[in-house]
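Reading through the structure tokens given below for one structure.
Only the coordinates and a few stated rules stand behind these numbers; no lab work does. Keep in mind it's a predicted model, so treat the numbers as computed, not measured. We place every Cβ from the backbone using ideal geometry, glycine too, and count neighbours over all the protein chains shown.
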Amino acid sequence: MSEAVRAVLSGIRTVKDMVAAFSDEQQCRRLLEAMVWQNGRICPACGYKKSIAIAGRDMGRQRGRPGLYQCSSGDCRFQFTATTHTPLHSTKLPLSTWLKSYVGFSVTA
């Protein structure tokens with residue numbers, strides 16, 4: 001686990017600390033990305049180590065999708081997030097809910 005992730009998680013001692021640490025989805029996404037990609041983003045489809053962030057595309061009512069990346073390999077071009085190929089991939093729950101459950105489990109385990 002990276003030092004940044006360890007620092008965030010070790011600073012959580014109370015429920016109030018947890019609520020503050022996971023206060024918004026962007027912060028939760030950055031923490032999850034640091035946990036999943038400790039040595040930089042890697043395409044889950046082909047393993048290529050270079051990718052680009054996809055932002056600002058018109059997606060109907062929403063503007064873009066935060067945390068969406070595309071593999072830079074000319075043969076792959078797979079679009080992925082930190083939750084791709086994980087149990088969180090198709091969840092409708094916010095990341096903050098999942099991370100609060102993870103921290104609660106880690107503290108009691």
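Around TYR48, what is the net charge, scoring Lys/Arg as +1 and Asp/Glu as -1 over all other residues with Cβ under 13 Å from its Cβ?
Value of the local net charge: +3.
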Exercise for the section: Search the structure for amide H atoms under 5 Å from the amide H of SER51, placed 1.01 Å from N in the peptide plane, and list their residues when 5 or more places away or on another chain. Expected result: SER72
